[in-house]
1. Quick check, is Tyr113 buried (at least 19 other Cβ atoms within 10 Å of the Cβ), assigned to a strand (DSSP E or B), of a type outside the set (A, V, I, L, M) and within 14 Å of the chain's Cα centre (by Cα)?
2. Which pairs do you get when a residue that is in contact (Cβ under 8 Å) with a residue 40 or more places away in the chain, found in segment 34-59, comes within reach of a residue that is among the β-branched types (Val, Ile, Thr) and surrounded by 19 or more Cβ atoms within 10 Å (Cβ to Cβ), reach meaning Cβ atoms under 6 angstrom, with the pair 6+ apart or on two chains?
3. Looking at (1) modelled with pLDDT of 55 or more; (2) surrounded by fewer than 21 Cβ atoms within 10 Å (Cβ to Cβ); (3) part of a helix (DSSP H, G or I), which is the only condition Ala5 fails?
4. Taking segment 122-146 as the region of interest, how many residues are surrounded by fewer than 20 Cβ atoms within 10 Å (Cβ to Cβ), part of a strand (DSSP E or B) and not hydrophobic (A, V, I, L, M, F, W, C)?
5. Which members of segment 171-180 meet the condition of being crowded, with 18+ Cβ neighbours inside 10 Å and either among the charged types (D, E, K, R) or modelled with pLDDT under 90 (or both)?
6. Of the residues in segment 105-125, how many are at pLDDT below 80, over 14 Å from Glu45 (Cα atoms) and not aromatic (Phe, Trp, Tyr)?
7. Go through the residues of segment 169-188 one by one and say whether even a single one is out of contact with any Asp or Glu (no Cβ under 7 Å at 6 or more places or on another chain), assigned to a helix (DSSP H, G or I), without any contact (Cβ under 8 Å) to a residue 60 or more places away in the chain and over 30 Å from Asp60 (Cα atoms).
8. Could we say that Ala199 is more than 27 Å from Leu64 (Cα to Cα), touching a helix residue (DSSP H, G or I) at 6+ places or on another chain (Cβ under 7 Å) and either touching a residue at least 60 places away in the same chain (Cβ under 8 Å) or not polar (S, T, N, Q) (or both) here?
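The values are calculated or read from the model by the stated rules, or taken from the named source; none is laboratory data. A quick note: this is a predicted structure, and the numbers were derived from the prediction, not measured. When we count neighbours, we look across all protein chains shown, and the Cβ atoms used for this are built from the backbone with ideal geometry, even at glycine.
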Amino acid sequence: MMRIARFGVCTLALSLWLPAMAQAVNSSAPAMPPPDQVVEQTAQEILTQVNNNRVEYTRDPEKLYAMVGKVLLPHFDFDYASRLVLALHWRTATPAQRKAFEDAFYRFLVNSYANGLLHGNYSTRNLKVDPWRGSAEDTRAMVRTQVLRPNAPPLQVDYAMVRTSQGWKAFDVSIEGVSYVLNYRNQFGPEIDQKGLDALIARLKADAAKPPAKAGGS
C-alpha cells in the first residue's frame, strides 16, 4: 500500500489524464496532441473544476467521483493497466473475473484519488511539466513532471503513456521512482495467492464504498 504521504501526490497525478484540445496537422486532419501537452492542459482543467466546486463536491462526493470518472476513463488505459497489475493472475482469470477486477479497481482508484485531491491544496502553479522530446512516430512516451512544494524539495512524478487510435493514454504513474502498477502488483499478488481473486475484488468494492474521510481527519 502506498504511504499516505504520497497519496495526495497520486491524486494530482491521476487528475492530469483529461482530453487536450486538438491542433491541426494539415488542412484535412487534426493532430494528435503530444503527451506533454495532454498533461499540462488537462491539469488546468481538472484542478480548476475541483477548486471551483470544492464545497459542492465536499457535500456530495458522488458528484466528484462522477466528474473524475468522466474525464479520466477515456484517457487512461485501465484494460492494459489491469493486465500489468494482475500479471500472471490475469492469465488464469475468467473473462468475468477480469471485467469485475477492472470495474472494482477503477472505482477504488477514482474514489481514493478524488478524495485526496479534494482535501489537498493543489493548483496549476504546483506543476512543472518537462517538454517531451519524442517524435510523431513514437508509440510510447514518458512525461516527466515535478510537483512543487513549499519548504520542501519538488516531487518527481512521471507518466508512462501509450499512443492509441484515440490519442495518448496513460497506464502508469511513478512517484519518486515508485510505479503504481508495480506497487499494486506486489500488494495484490500475495492477497490473491492467499484468498483468491474474487476476495480481492470484493475487498476493493468494499473499500470504494466507504464514505470519504473528512478533511483533516484520520
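1. Values: buried (at least 19 other Cβ atoms within 10 Å of the Cβ): yes; assigned to a strand (DSSP E or B): no; of a type outside the set (A, V, I, L, M): yes; within 14 Å of the chain's Cα centre (by Cα): yes.
Judged against the criteria, Tyr113 is not a match.
2. Pro35/Val143; Asp36/Val129; Asp36/Val143; Val39/Val129; Val39/Val143; Glu40/Val129
3. (1)
4. The number of residues fulfilling the criteria is 4.
5. Of all residues in segment 171-180, those crowded, with 18+ Cβ neighbours inside 10 Å come to 171-175, 180.
Across segment 171-180, the qualifying residues are Asp172, Val173, Ile175.
6. First, the residues of segment 105-125 that are at pLDDT below 80: 113, 116-125.
Subset that is over 14 Å from Glu45 (Cα atoms): 113, 116, 118-121.
Going one step further and asking which of them are not aromatic (Phe, Trp, Tyr), we end up with 116, 118-121.
So the count comes out to 5.
7. Within segment 169-188, one or more residues are out of contact with any Asp or Glu (no Cβ under 7 Å at 6 or more places or on another chain), assigned to a helix (DSSP H, G or I), without any contact (Cβ under 8 Å) to a residue 60 or more places away in the chain and over 30 Å from Asp60 (Cα atoms).
8. Details: more than 27 Å from Leu64 (Cα to Cα): yes; touching a helix residue (DSSP H, G or I) at 6+ places or on another chain (Cβ under 7 Å): no; either touching a residue at least 60 places away in the same chain (Cβ under 8 Å) or not polar (S, T, N, Q) (or both): yes.
Against the criterion (more than 27 Å from Leu64 (Cα to Cα), touching a helix residue (DSSP H, G or I) at 6+ places or on another chain (Cβ under 7 Å) and either touching a residue at least 60 places away in the same chain (Cβ under 8 Å) or not polar (S, T, N, Q) (or both)), Ala199 does not qualify.
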